[in-house]
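The values are calculated or read from the model by the stated rules, or taken from the named source; none is laboratory data. On a predicted model such as this, the values are computed, not experimentally measured, just so you know. The area values use the complete protein model at the heavy-atom level, side chains included, leaving out ligands, DNA and RNA. Shrake-Rupley method; radii C 1.70, N 1.55, O 1.52, S 1.80 Å.
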Amino acid sequence: MKRNLLRASAFALAMSLCIMLPACGGDAQKDAEKPAAAAKAPSKAGELPNYRYVDLDSVLSKYNLAKDYNEEILRMQTNMESEVKRHESSIQSFASSMQKKLQNNGYLSEESYKADQDKINNMQATAQRSVASLQNNFENAAMQAQKTVNDSIQAFIKDYNAKKGYDAILFKAATLYIDPALDITSEVVEGLNARYNKVKK
């Protein structure tokens, strides 16, 4: 979870990015009915079909926006874990002091014992509310980060393909085999980072 928060939506993003296209539908059924072609050597540059593919794992690991969000989410998770430990330590410490006080007859009345019981109950309730709030904020931030990265990649791909004019841009993970000559991952990462770094400045 810590290292792959933004990868969870890869399949959904892959499906939504089959946007370019006639190649995603239409003649697909006819093509499927044709006999399978014999395996061939990778195509030369001039013989490439009019579609390309992207390795999403590589994009997410190299896209600076995704990396920045991953670092932010990891910081939030670390802070949340620290807060949980702080509450646990405080409650355990007070519970131990109550136990020692009880063993040493330190409670002079039932009311004083009940007051400490009420206090530790309040500490536990406060801890639960605090942790629940942090967990909710963490989940919302992770979902928003995922959406922002997905939207950014989709928007870039649309602009990129408007210039390139491919019939389809696929995800490598959605294929069993695809000619390595069709890989545009480096181009996409370079373009995404150039646009993101320009916005950051």
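Could you work out Rg/(2.2 N^0.38 Å) for region 88-162, with Rg from alpha carbons only? Present the calculation step by step, with values, prior to reporting the outcome.
Values: Rg = 24.6 Å, N = 75, 2.2 N^0.38 = 11.3 Å.
Here the Cα radius of gyration is 2.17 times the empirical estimate.
A 1.4 Å probe, protein heavy atoms only, puts the accessible area of ASP118 near 70 Å². Among LYS62/LYS164; LYS67/LYS164; LYS62/LYS172; LYS147/LYS198, which pairs are too far apart, with a Cα-Cα distance over 25 Å? The answer is LYS67/LYS164. Across region 46-201 the C-alpha pair distances fall into 5 Å bins from zero in the proportions 1, 8, 12, 13, 10, 8, 8, 6, 6, 5, 5, 5, 4, 3, 2, 1, 1, 0, 0 percent.
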